[in-house]
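Working notes for the structure below.
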Amino acid sequence: MDESDNAVQELPTSPISEHQITPTILKFFGLKQLPFSLSPNPRYFYLDSQHEAILAKIMYMVENRQGLSLIVGDIGSGKTSLSRLVFNEYADKPEHIVKYVTNPHLNTKNQFLRLICDEFGIPTTRDFYTQLKNFQAYLGESYEKKLSPILIIDEAQVLKGAQLELIRQILNYETDRSKLIQILLFGQSEIHNRLRLKKNVKSRIATYANLDAITLEGTKDLINFRVNVAGRQKPLFTDEAINEIYKVSKGNPRATITICLNSIPLAFRNNQDTIDQGVIKEAIGETIYEQR
């Protein structure tokens, strides 16, 4: 593993709390809100051409009821933000019933099935086959009502073999033309190892996409987009500052956001309402790195 590979495995974490960015600090920079929160917020999610293409693929799969999608990306690549964007896209559409599972880390497929049924409001039972039959009946009733259930699973790399097998069973519920449920898996690259052992699940993936690191230009657009959404129309960072951010973040959105967040109180302390390369170097020096 070379030096650049090691850098990819180190993600920055913020040494400051977002709550330390006071209204006074925001006002100093001409901001109405904090543009660099680490919590996924679809309003601040920047859609570059890569994300637009992936979103279009997902929506095509859902609208045509093709069954299973897999979106893979490294830690901090924007998987959770994209998954929440998809959730919001369908949450207000009456013809869709969309549910979101954030932590599928369970021991058995029975627990997993009960979790899914509970999300869709289906009464749960301890008997696996009765529960599966109830879920099948629910999907059939939804189809008769012209409703399309959607299940979004984040952190899908933790799914065990039996749980992936349950997904295969669920995808067997279909008409001659379409699947009765659409399942979207968002996970880290470790999911590939699990799917190698479950080729009958892998073969059912209708849509696959990998979230790659964004470019330098994409990093600049992401930062400026967030700043604009937060209420400031002129750039907050110089081009040299963004270049310095990109050297460390290597196009990882979370790393980019973390460095930007850490730089704000430093620039405020220095009485600089535009953040330059020097502030970014100081912010990087104070940033904590975690081995991943």
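Data for the structure
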quantity: ILE152 being of a type outside the set (S, T, N, Q), within 13 Å of SER69 (Cβ to Cβ), assigned to a strand (DSSP E or B) and assigned by TED's automatic domain parsing to the domain that holds LEU85; calculated: yes
quantity: Residues of the range 22-49 satisfying the condition of being among the basic types (Lys, Arg) and in a helix (DSSP H, G or I); calculated: LYS27, ARG43
quantity: Inter-residue pairs, beta-carbon under 8 Å, first modelled with pLDDT of 95 or more and in the range 219-233, second surrounded by fewer than 17 Cβ atoms within 10 Å (Cβ to Cβ) and of a type in the set (Lys, Arg), 6+ apart; calculated: VAL229/ARG43; ALA230/LYS32; GLY231/LYS32
quantity: Of residues in the range 222-244 being among the basic types (Lys, Arg) and outside any helix (DSSP H, G or I), the one surrounded by the most Cβ atoms within 10 Å (Cβ to Cβ); calculated: ARG232
quantity: Check on ASN134, closer than 13 Å to LEU68 by Cα, of a type in the set (S, T, N, Q) and either in the same structural domain as LEU68 (by TED's automatic domain parsing) or modelled with pLDDT of 95 or more (or both); calculated: no
quantity: For LYS247: the one exception among (1) more than 29 Å from PRO23 (Cβ to Cβ); (2) not assigned by TED's automatic domain parsing to the domain that holds ILE153; (3) not in a helix (DSSP H, G or I); calculated: (3)
quantity: Residues located in the range 250-279, provided they are of a type outside the set (D, E, K, R), assigned to a helix (DSSP H, G or I) and over 26 Å from the mean Cα position of the chain (by Cα); calculated: PRO265, LEU266, ALA267, PHE268, GLN277, GLY278, VAL279
quantity: Of all residues in the range 57-78 being among the hydrophobic types (A, V, I, L, M, F, W, C) and not in a loop (DSSP other than H, G, I, E, B), the one that is surrounded by the fewest Cβ atoms within 10 Å (Cβ to Cβ); calculated: MET59
quantity: Output for the range 120-135, where each listed residue is assigned to a helix (DSSP H, G or I), surrounded by 11 or more Cβ atoms within 10 Å (Cβ to Cβ) and not charged (D, E, K, R); calculated: PHE128, THR130, GLN131, LEU132, ASN134, PHE135
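The values are calculated or read from the model by the stated rules, or taken from the named source; none is laboratory data. Keep in mind that what you see is a predicted model, and the values were worked out from it rather than measured. Backbone-built Cβ (ideal geometry, glycine too); neighbour counts: all protein chains shown.
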